[in-house]
Structures are given as structure tokens and as C-alpha cells.
Amino acid sequence: MVNARRNTKILYLYIHDRSFVRRDLKMLERHFHVKPFYFTKKSFFRLLSSIKNCDVLFVWFASYHALIGTFLACLFKKKIVVVTGGYDVANEPEINYGLLRSRFFKGMVKFVLNRANKILAVSEFNDNEIKKYLGIKKAQIVYNSVDPKRFYPKGEKEPMVLTVGFITWENVKRKGLDTFVKAASHVSEAKFVVIGKGEKEPLAYLKSIAPKNVDFTGFVPDDKLLEYYQKAKVYCQLSFYESFGMAPAEAMLCECVPVVTKRGALPEVVGEFGFFAEYGDATSTAKAIKNALDASGGVGERAKEHVKKKFTPEIRERKLVNAIVGLNEE
């Protein structure tokens with residue numbers, strides 16, 4: 001079986017160099033012969049040659065690169081595995097978010113997923129979106145993972161409230177960054193911190209509405225981000241839409257008490273180990289933050305154990321490997 005795995009040639013196709021994409025690549029490389037392929041508009045003929053020489057096409061996100069890859073994989077009768085990440089199967093006109101808002105792109109995503117031998121959804125919510133908007137019911141839920149060896153508690157907690165995300169106009173609304181900043185004026189006893197690189201205009205807007213207890217750090221390296229997670233008592237993810245929620249899961253491993261909305265997959269990630277606020281409601285958010293700051297009885301520790309139980313790299317790696325191995329049984 002081990003030799004059979006090693007002899008399986010996987011073409012790993014992606015367009016976003018995100019940490020979770022790189023992590024899946026490393027997981028598969030431990031079991032199979034994997035060739036990474038970063039797709040650009042100039043790489044069609046190189047992709048053609050690569051797909052001819054693989055056994056399995058593994059694609060992250062059902063976007064335009066997946067359309068081209070799927071067409072070629074079907075042409076050469078290769079197996080196809082697609083991971084849906086969120087935006088590719090979202091339809092949120094209220095915040096102008098998701099490929100499925102367009103009839104053309106909806107057709108593209110449906111073409112890809114209908115021809116995939118395996119669809120791996122990153123959450124139950126993600127799977128439900130596929131069923132709701134595309135009528136496809138064959139996805140398997142394989143949760144994203146966070147590494148407790150990389151994110152862990154250390155030292156004493158401070159009355160600090162944290163959120164992480166790129167500061168763009170899209171994220172001001174999708175991730176509720178404006179609500180986070182507005183809520184700070186109701187919780188003056190705590191320090192609020194926004195971590196993430198910011199585009200000029202949305203950053204200027206958030207700073208213009210921010211009280212004095214809000215800090216904007218800009219981009220911070222991973223080791224500094226870990227320090228913030230370890231110091232903060234509360235982590236906020238006040239999103240309209242999240243297909244999983246990597247940052248809150250990372251923060252929970254560091255024993256932050258999560259404050260989230262009940263939207264997307266956030267309730268799946270947090271479970272019973274956090275506090276909930278209404279999306280876009282600064283007053284509701286401030287109340288939830290105060291409750292989280294006052295929380296005792298090891299809420300942060302229980303949040304950590306919840307994440308370690310459900311979203312470990314070992315669980316995801318096992319399920320990814322089983323998905324590939326299972327292709328030979330079809």
C-alpha cells in the first residue's frame with residue numbers, strides 16, 4: 001500500500017499561496033509523489049504537459065484555474081479532487097462577495113464540481129453552500145486544520161481584544177472590522193488591536209472612527225502574531241461570511257476567548273466555547289466582549305481543547321490521504 005501511494009503522481013494545482021494551501025501540499029508530499037503547480041495565465045501549455053503525466057489532479061479552489069485543469073484532466077481521463085475554500089461557492093450580494101453571484105462563474109464552478117471525483121468542503125457550512133446554490137450533494141467535509149505546535153498559550157493574559165485580517169474595503173464589511181472599531185468605544189477599559197496590512201483608504205476610514213483604545217499594527221510576522229494571541233484575553237471574528245475561520249481557531253489554541261457572529265462556519269469552529277454577537281451591531285458586540293473579558297472558569301483552556309480535538313493537522317492529513325487512496329476504489 002505504501003509503494004502504491006508513493007507511485008501515485010499528484011499534480012497540486014493552486015493560485016493562492018496561502019498558509020493552509022502550503023500545509024496541505026506538505027501533508028500530501030509525505031505520502032505521494034506530488035508536483036506543485038502554481039497557475040498563471042501563461043502556464044497553459046506547461047499545465048497541459050503536467051496533467052498528461054499525473055494520475056490525480058488536486059485543486060485548491062474551484063476557480064478559473066480549476067476550470068482549465070478540469071477540462072484537461074477530463075480530456076486525459078485523470079482523477080480530480082477539488083477543495084472548495086469559500087469564495088468559490090459563495091453567493092452574498094449584500095456584501096458583493098462570491099463567485100456564484102455571476103451566472104457565468106456559477107456555470108464554471110458547477111462544471112468543475114460535477115466532474116470532480118472528490119469534493120472536499122472545509123466545513124459543514126461550506127458543504128451546505130454547495131448543496132444550496134449548486135445542487136451538488138457529493139462533497140465530503142474535511143475541516144481545515146491549525147497546529148497546536150505552532151499556536152500555544154504562554155504567560156499571563158491581558159485585557160486585550162484582538163482581531164486579524166487584511167484591511168480592505170471588502171473586509172471592512174465582510175469581517176466586520178468597522179464593528180470591531182466601533183465596539184471599542186463601549187469597552188474603554190480594554191485595549192483593542194487590529195492586526196493586518198491595510199490599504200490606504202479603508203485604513204484611513206477605520207482610524208477616523210476609532211477611539212483612542214484602538215491600535216493598528218499593520219503587518220506583523222508570525223512570531224509577533226503568536227505573541228499577540230498569547231497576550232490577548234479575547235479574539236473577535238465579527239464576520240458576515242466565513243467558510244471556516246482560521247484566525248479564531250489559531251487564537252483559541254492560545255486560550256483566547258472567542259467572540260464571533262453566528263454566520264458562516266464560525267459556530268462550528270467555536271462550538272460552545274465562546275460568546276456570540278449580532279453582525280454589524282456594535283452594542284451587541286461590546287456586550288459579548290465584556291462577557292468574554294469577565295469570563296472565568298477556564299473558558300480559554302476549554303476553547304483550546306475544543307480546537308485540538310476537532311481541527312488538528314493529523315485529522316486533516318488522514319482524511320486527505322484517504323480521499324486520494326479511495327479514488328482507486330471508484
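The values are calculated or read from the model by the stated rules, or taken from the named source; none is laboratory data. Everything numeric in this text was worked out from a predicted model, so none of it was measured. When we count neighbours, we look across all protein chains shown, and the Cβ atoms used for this are built from the backbone with ideal geometry, even at glycine. These area figures cover heavy atoms from the full protein model, side chains too; ligands, DNA and RNA do not enter into them. Shrake-Rupley method; radii C 1.70, N 1.55, O 1.52, S 1.80 Å.
Of all the criteria given as (1) of a type in the set (Ser, Thr, Tyr); (2) closer than 30 Å to residue 128 by Cβ; (3) open to solvent by 60 Å² or more (accessible area, probe 1.4 Å), the one not satisfied by residue 239 is (3). In the range 35-46, the count of residues that are open to solvent by less than 40 Å² (accessible area, probe 1.4 Å), under 26 Å from residue 174 (Cα atoms) and of a type outside the set (Gly, Ala, Ser) is zero. Scanning the range 132-152 for residues that are part of a loop (DSSP other than H, G, I, E, B) and not charged (D, E, K, R) yields 135, 136, 139, 142, 143, 144, 145, 146, 148, 151, 152.
Yes/no per residue for (1) out of contact with any Ser or Thr (no Cβ under 9 Å at 6 or more places or on another chain); (2) assigned to a loop (DSSP other than H, G, I, E, B); (3) basic (Lys, Arg); (4) without any contact (Cβ under 8 Å) to a residue 12 or more places away in the chain:
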{"site": "179", "(1), (2), (3), (4)": "no, no, no, no"}
{"site": "194", "(1), (2), (3), (4)": "no, no, no, no"}
{"site": "206", "(1), (2), (3), (4)": "yes, no, no, no"}
{"site": "216", "(1), (2), (3), (4)": "yes, no, no, no"}
{"site": "220", "(1), (2), (3), (4)": "yes, yes, no, no"}
{"site": "227", "(1), (2), (3), (4)": "yes, no, no, yes"}
{"site": "233", "(1), (2), (3), (4)": "yes, no, yes, no"}
{"site": "239", "(1), (2), (3), (4)": "no, yes, no, no"}
{"site": "244", "(1), (2), (3), (4)": "no, yes, no, no"}
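What do you reckon, is residue 163 in a helix (DSSP H, G or I) and crowded, with 22+ Cβ neighbours inside 10 Å? Criteria not met by residue 163. The set of residues in the range 52-111 that are over 20 Å from residue 320 (Cβ atoms), in a loop (DSSP other than H, G, I, E, B) and open to solvent by 30 Å² or more (accessible area, probe 1.4 Å) comprises 53, 76, 77, 91, 96, 102.
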